[in-house]
Each structure stands twice: as structure tokens, then as C-alpha cells.
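**Q** Could you have a look at this structure, given as C-alpha cells, before my questions?
Computed from the coordinates by the stated procedures, all read-outs in this text should not be read as laboratory data. What you are looking at is a predicted structure, and each value in this text was computed from that prediction instead of being measured. No Cβ is skipped: glycine too gets one built from the backbone with ideal geometry, and neighbour counts run over all protein chains shown.
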Ligand SMILES: [Zn+2]
Ligand SMILES: [Zn+2]
Ligand SMILES: [Zn+2]
Ligand SMILES: [Zn+2]
Ligand SMILES: [Zn+2]
């Protein structure tokens, strides 16, 4: 009789301990126990990149040296001397910068058409410490 009472107490104690353990280590419901809140970056929509506004994703921009003409007027004869030795009488030079195409690789995105998202540091998401559990991922089960 005395023995079974003792085992009953033991079982009760274990049950109580188990309940306490669970309630003390309850995973934070706000962050799912991870300790941080993560949101998709609203600027790049999770891609980590944004379209280059300078070339609008075209990867090329107008040549800044010839202003997109692909050539520039001979500075020696101003295009007026057909015997000019500098330009050979053509009156203009092919733009070396853009090789006469009038377009150069976008200097802002280096011809990639997109730039790293500065808002999320190319992560694609924004993350901060969970204010509910202060980054621990666990909350005390305060029921009162
Ligand atoms: Zn971003
Ligand atoms: Zn660009
Ligand atoms: Zn040019
Ligand atoms: Zn010339
Ligand atoms: Zn949390």
C-alpha cells in the first residue's frame, strides 16, 4: 500500500516536470522558434537584384564620348578641311570609346542589366531579431 503510493507520487512528479519543461521551452509562435523574423525584400521582391535604372535593363547606354553618334567631328578641322591630315579629310573620327556603335556597356551595372539590391544587401529578404522572444526563439509560457 505504501509502495504504490510512492510510485504514484513519482509518476505525478514526472508528469509535473514534463509539463514544466514544455511550458518553459515553448517555441516562439511569432518567429516559429527561429529567433528572427524574415520578410521578402519589398524593393527587389526577393530576387536580390533591381533593374538598372541607368540602362533600364538594356545593359548598354549611349556613348558619353560621342553622344551616341558613333563618331565625332574632327577637332582639328571641325570637319571643314578635306585635306586635313588628322582625319584624312573625312571630317570626323570613329569613336574609339564605343567602336563606332554609339553605345557602350552600362557603367552603372557593368553590362549586367541589374544592380545589387542595396536594401537587402542582395539577400532577397530582410531579417531582424524577433521582438517577441528577443532572438532566443523561445518564450516563457506566462499564462497568468
Ligand atoms: Zn532587395
Ligand atoms: Zn545598367
Ligand atoms: Zn562613342
Ligand atoms: Zn580633320
Ligand atoms: Zn520569436
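**Q** Could you grab the relative contact order for the range 51-116? Cα pairs under 8 Å, six or more apart, rounded to a whole percent.
**A** Relative contact order here is 44 percent.
**Q** Where does each of 139, 43, 85 land when they are ranked from fewest to most other beta-carbon atoms within 10 angstrom?
**A** 85, 43, 139
**Q** Let me ask something additional. Which translational diffusion coefficient, to the nearest whole µm²/s, is obtained for the range 51-116 from the Stokes-Einstein equation, given a Kirkwood hydrodynamic radius over C-alpha pairs, 10 °C and 1.306 mPa s?
**A** Working: Rh = 12.7 Å.
Value of D from the Cα-based Kirkwood radius: 125 µm²/s.
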